[in-house]
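Encoded as structure tokens, the structure appears first; notes follow it.
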Amino acid sequence: MPPAPLPEPFLRWFASRGWAPRAHQLDLLARAQAGRSSLLIAPTGAGKTLAGFLPSLTELATTPKRRPGEAHRGIHTLYISPLKALAVDIERNLGTPVAEMGLDITIETRTGDTPVHKRQRQKLKPPDILLTTPEQLALLIAAGDARRFFADLRFVVLDELHSLVTSKRGHLLALGLARLRSFVPDLRVIGLSATVAQPEELRRWLVAQDGASPMADQIVVEGGAKPIIQILDSREHVPWAGHSARYAMPEVYDAIRRHQTTLLFVNTRSQAEMLFQELWRINEDSLPIALHHGSLDVAQRRKVEKAMESGSLRAIVATSTLDLGIDWGDVDLVVHVGAPKGASRLAQRIGRSNHRMDEPSEAILVPANRFEVMECRAAIEANYLGAQDTPPLVDGALDVLAQHVLGSACAEPFDEGELYREVTSAAPYARLARETFSRVVDFVATGGYALRSYERYAKIRKTKDGRWRITHPRFAQQYRLNVGTIVEAPYLNVRYVRAGRGSVSRGGPVLGKIEEGFLETIAPGDTFMFAGKVLRFEGIRENECFVSNAADQDARVPSYAGGKFPLSTYLADQVRAMLADPARWQALPEQVADWLRIQRDKSVLPAKGDLLVETFPRGNRFYMVAYPFEGRLAHQTLGMLLTRRMERAGVQPLGFVATDYSIAVWALEDIGAMARRGVVTLAALFDEDMLGDDLEAWLAESWLLKRTFRNCALISGLIEKRHPGQEKTGRQVTVSADLIYDVLRSHEPDHILMQATRADAASGLLDIGRLGEMLSRVRGRIVHKDLDRISPLAVPIMLEIGKERVEGGASDALLAEAEGDLVEEAMGNAGQD
Amino acid sequence: MLARTEDTRRTSITARLAGREVILDMVGALVDPEASMLVVSDLHLEKGSSYARRGSMLPPYDTMATLARLGALLARHDPAIVISLGDSFHDGEGAARLAEPARAALAAMMAGRQWLWVAGNHDPEPPSGLGGDCVAEVAVGGLRFRHEPSKDGRDGEVAGHLHPGARIVRRGRAVRRACFASDGRRLIMPAFGAYTGMLNVMDRAYRGLFDWPEFRAHLLGRERIYTIAGAQLRPG
């Protein structure tokens, strides 16, 4: 069915440019005009933005304008993006055609940066199109005038939907959307997304889950020219381990020189810093190369973005802050340093290059080590085959729901049954049990404790009309200060001071923010890289970290264990398949193929469904290395559980290290010999039942669970991020979440927030789901190689040993060491003779 | 690999304070055996309900958790005198909010003992209806007990208020623990309450209180007490 003909200004505008509306743009318009919600899946450069707004623009262009004296109309179209920067970008990109067509349509942004007077004005005189973020939507619907403000709403456009739905922000947004639908039942929702594995999930996400509404329609735009992706075939030696890719910098620099504008992506901030330093070290032509990551000061980031827009940069080193579809300049090369960890992420990042759909994008992958070579290869094949690996959607988080329940009460008194129906119409909460919902309401009211001692302090209370209402306006104020689901690790400002005067002067500029956790591990005088500089750590004062210029250029780089993202399930599968199939090694660089051949001769390469476990002695230790390829998080959990079991079996494990690909455990006893004698069996060590009692016992003490609890406590409103009148930072949270956790765990382990915490940890930091699948998959398929020396495949992880930080319960041992130094100091050298 | 083997489990240690021997228990109490006296500081009872009043519904189990630890401590040492060194309650109405089971547990602990509530900044008024004696400051066996450390640094002063904690950094990892802070002349007690945080002994608030070369932090570990010199400690 064709849409109604485009209004005159649109036809003129297209014609004046020699363009015609694209098929998918008209398709989407027709469906919108028929009252349908749609999901538009299109690659970058396909005119997605215009497609998403065309239904709104045409409708607004033909609506009679408000006459003087008439009441102001409400918002017509709400656009929501995951990034503030994207909203700002769209304002510009949409404003241009609107101005050129001479349309009388107002477009404004509303983000955390919008000044108060502008927000107030927006409430009185709403723009036709409001561009905003999920957090701002939560605030808008929690206001008392929400119903009126959104009464005229016709469209919601959700940008980068694929990236929104996998997080708690997505849950918050889904709840907000359900609320908007309760105001405007025939609301049309348009989702814009990159290619995803399960589009049905997103199509459901866009419409009410009430059993009556059909799924949203789907429009798919096929990709244009295939990207040209190469793995850097380095003349240099590809390292066995590590994440720096330092070896390839001269070759990367050459590539930058040969192109107009290059985007260099890395996985972590520390890699970005390192890469930036290395490039400048060899930047003989003084090419304008810039750095961009989320920890840098905003002003500095804006400067880089401006320079990029105006085309005055030759290269920019960036982390995920630039992942999403911000449209700048003409990038003709994307370099990805380190493995992309997921095929979807690779596709997304390569989409940055060459925003004209019909020309192929050019990309170079630079693996940092040999396993990454295989991973890059697998990612390329996936990108060609169109295979996608976006993480599966999880059920809506209860801490987010708690926040929404309080927000609902802030807007107007609610009926519990009605709100339950509304909440369960949001896709992530469709399976929420009525009883669980009641417990969340109870949690919001009084904390939901079995010991019902807080009734008199209730934040919301059921009144005679059966509706829950807020008991004091100050709780609405608290809600507004604490809305959102982004809980950052405590950050400190990094401020420049003169060397050695950290405690005295405090005049210098702020360079950005850095995690407190990193600063915990360094002492005054240590050097590290930040904001493209090598800095000397001078000390901490309140919420600031003082730094000065370091004298030398060899910094101690912020040490992360590896990539920020764990290897995706899909890529892991591909890498396993590649290992098992020598025919596919031809596609790999010769030195890597050679490495695999030697492994085959000296040990074995596992068949695709098998788990290879090697044991061998080295020095005065005995090692066990397993290769599950399930990603760092799952491997860390496996390591914790394996060492507990080995302890009981008398193997005397001393430690372990985990990477994305493998796990190594070292012990005092000969694991290989014990397995030969049948004292231990690997099948028993790797049995799935480790996910029972062992997991429970470990979890109880795990710092991972405490960190997860802190996030849940903040999001759910149990503890406040900010309190009216006092800006609280992570360092100053007056009651530590760890202490609350300890008390709650021992007194009410089944409390709803503990449940939320465990659910989060299982899918997040611990990756238990993935570990469980692996253990059941390899049952009966463990291949044990008892070697008398280290195998080629084991070299990469063995090189990681010693680089890892000491984790877990060893804190008393560290205290004992520190105490021991006191004894040595007191005894002088006496003990050494 | 990490730990030096210790042949004695130091769940408590003996320290000298202004010439007098005292026992520092890893639970966070000071014991003077000669005077049959036990001292704890900064219980902050009813902190949970104090927060609940302003909308943060912290788990309401802190008071019982704190009292259970105190009860175990008293059973172990069976002192004749107990000093609660100020900030026993998180706010002035804390004592009035005590639930019946907590009130009963406290009464059982106080029975047959001399019980001294030292006034603190959170609870300057005596706790109502609980018994015991209320004092601003008290001297027993050559030691003086008060809530806030005095600036003129008298020998033998035992105080609380600051919630001392200490931090070490080893092998790329930081460990932070509550501690007794002492230079052998005066001592500051760790906070005992279940919801009490800590303030690093390197903070400005401690400036001028200690003779730094003699300073030791006695950290409350999971397994025992660790005595660590000032040079090993880190701010933050």
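So what is the 222 nm mean residue ellipticity for chain A from helices alone, if each DSSP H run of at least 4 adds -39500 (n - 2.57) and you divide by all residues, rounding to the nearest 500 deg cm²/dmol?
Numbers: 32 runs with 339 residues, N = 833.
That calculation yields -12000 deg cm²/dmol at 222 nm.
Give me, ordered by chain and number, the residues 5 or more places off B:Ser41 or on other chains with an amide H under 5 Å from its own placed amide H.
The answer is B:Leu85, B:Phe192.
Between B:Ala111, B:His161, B:Met198, whose Cα lies farthest towards the positive end of the dipole of segment B:12-232 when Lys and Arg beta carbons carry +1 and Asp and Glu beta carbons carry -1, centred on the Cα centre?
B:Met198
First check a/c for segment A:8-220, with a ≥ b ≥ c the square roots of the eigenvalues of its C-alpha gyration tensor; if it is under 1.5, answer rounded, and if not, answer prolate when a/b is larger than b/c or oblate otherwise.
Since a/c stays below 1.5, the shape of segment A:8-220 is classed as rounded.
Mind pulling the angle between the C-alpha long axis of helix A:23-33 and the longest principal axis of chain A? Nearest 10 degrees, somewhere in 0 to 90.
With rounding to tens, the tilt is 60 degrees.
Which one, A:Ile231, A:Ala299, A:Gly338, projects farthest toward the positive side of the charge dipole computed for segment A:228-385 from Cβ point charges (K/R +1, D/E -1)?
So the residue we want is A:Ala299.
Tell me the relative contact order for chain A as a rounded percent, counting alpha carbon contacts under 8 Å between residues six or more apart.
Numbers: 1460 pairs, mean separation 92.0, N = 833.
For chain A, the relative contact order is 11 percent.
Using Cα atoms only, what is the angle between the long axis of helix A:768-777 and the major principal axis of chain A, expressed in degrees (0 to 90) to the nearest 10?
That works out to roughly 60 degrees.
Explain nothing, just the number: dipole magnitude of chain B about its Cα centre with +1 on each Lys and Arg Cβ and -1 on each Asp and Glu Cβ, in debye rounded to the nearest 20. Let's see the in-between values first.
On the way: 31 positive and 27 negative charges, 237 e Å.
It comes to approximately 1140 debye.
Once amide H atoms are built 1.01 Å from N in the peptide plane, which residues 5 or more positions from A:Gly539, or in another chain, come under 5 Å H to H?
A:Phe546
Each label point is 7 Å from the Cα along the Cα-to-Cβ direction; what then is the distance between the points at A:Asp395 and A:Leu50, in nm?
It is 4.5 nm.
When DSSP beta bridges are limited to those with both residues in the protein assembly as shown, what percentage is antiparallel, rounded to the nearest 5? Mind dumping the intermediate values first?
Details: 71 of 142 bridges.
Roughly 50 percent of the DSSP beta bridges within the protein assembly as shown come out antiparallel.
I need the trypsin sites (Lys or Arg not before Pro) found in segment A:189-242, filtered to DSSP loop residues with at most 13 other beta carbons within 10 Å of theirs. Walk me through the numbers on the way to the answer.
On the way: sites: A:Arg203, A:Arg204, A:Arg235; in loops: A:Arg235.
In loop regions of segment A:189-242 (DSSP not H, G, I, E or B), the sparsely surrounded trypsin sites (Lys or Arg not before Pro) are A:Arg235.
So, with +1 on the Cβ of K and R and -1 on the Cβ of D and E, and no other charges, what is the size of the charge dipole of segment A:228-385 about its Cα centre, to the nearest 20 debye?
Numbers: 18 positive and 21 negative charges, 77 e Å.
Rounded to the nearest 20 debye, it is 360 debye.
Using a 7 Å offset from the Cα along the Cα-to-Cβ direction at both A:Glu416 and A:Ala683, what is the distance between the two label points in nm, to one decimal?
5.2
Which peptide among B:219-227, A:67-75 comes first, and what is the full order, when sorted by highest mean count of other Cβ atoms within 10 Å?
Details: B:219-227: 20.4, A:67-75: 10.7.
Packing proxy ranking, top to bottom: B:219-227, A:67-75.
Per residue of segment A:663-672, in order, report the coupling 6.51 cos²θ - 1.76 cosθ + 1.60 (Karplus, θ = phi - 60°) as ³J(HN,Hα) in whole Hz, putting x for Gly and Pro.
Ordered by residue, 3J(HN,Hα) equals 9, 10, 10, 10, 8, 7, 9, 7, 4, x Hz.
When Cβ neighbours within 10 Å are restricted to other protein chains, what is their mean count per residue of peptide B:221-231?
Working: counts 7, 5, 4, 4, 2, 9, 5, 7, 7, 1, 3.
Per residue, the number of nearby Cβ atoms from other chains is 5 on average.
How high is the relative contact order of segment A:228-385, given as a whole-number percent (alpha carbon pairs under 8 Å, six or more residues apart)?
33
Please say if segment B:108-229 is rounded, prolate or oblate, where rounded means a/c under 1.5 for a ≥ b ≥ c the square roots of the C-alpha gyration tensor eigenvalues, and otherwise the choice is prolate for a/b larger than b/c and oblate otherwise? Show your work: numbers first, answer last.
Numbers: a/c = 2.08, a/b = 1.56, b/c = 1.34.
Because a/c hits 1.5 or more and a/b exceeds b/c, segment B:108-229 counts as prolate.
Check each of the trypsin sites (Lys or Arg not before Pro) in segment A:411-485 and keep only those in coil by DSSP with at most 13 other C-beta atoms within 10 angstrom; list them in order. Don't jump to the answer; show the numbers that get you there.
Values: sites: A:Arg421, A:Arg431, A:Arg434, A:Arg439, A:Arg452, A:Arg456, A:Lys459, A:Arg461, A:Lys462, A:Lys464, A:Arg467, A:Arg469, A:Arg474, A:Arg480; in loops: A:Arg431, A:Arg452, A:Lys459, A:Lys464.
Of the trypsin sites (Lys or Arg not before Pro), the ones in loops of segment A:411-485 whose Cβ has at most 13 other Cβ atoms within 10 Å are A:Arg431, A:Arg452, A:Lys464.
Taking a ≥ b ≥ c as the square roots of the eigenvalues of the Cα gyration tensor of the protein assembly as shown, is the shape rounded (a/c under 1.5), prolate (a/b larger than b/c) or oblate? It would help to have the intermediate numbers written out before the result.
Numbers: a/c = 1.84, a/b = 1.28, b/c = 1.43.
It comes out oblate by the Cα gyration axes.
Cα axis of helix A:569-580 to longest principal axis of chain A: angle in degrees, 0 to 90, nearest 10?
Once rounded, the angle reads 40 degrees.
How long is segment A:229-319 along each principal axis, judged by its Cα atoms, biggest number first, in Å?
Reported extents, whole Å, longest axis first: 39, 27, 26.
Near the amide H of A:Val497, under 5 Å away, which other amide H atoms are found, from residues 5 or more places off or on another chain, if H is placed in the peptide plane?
A:Val547, A:Ser548
Values in this text are rule-based calculations from the coordinates and carry no lab data. Keep in mind it's a predicted model, so treat the numbers as computed, not measured. Methodologically, a virtual Cβ is constructed for each residue, glycine included, from the backbone with ideal geometry; neighbour enumeration extends over all protein chains shown.
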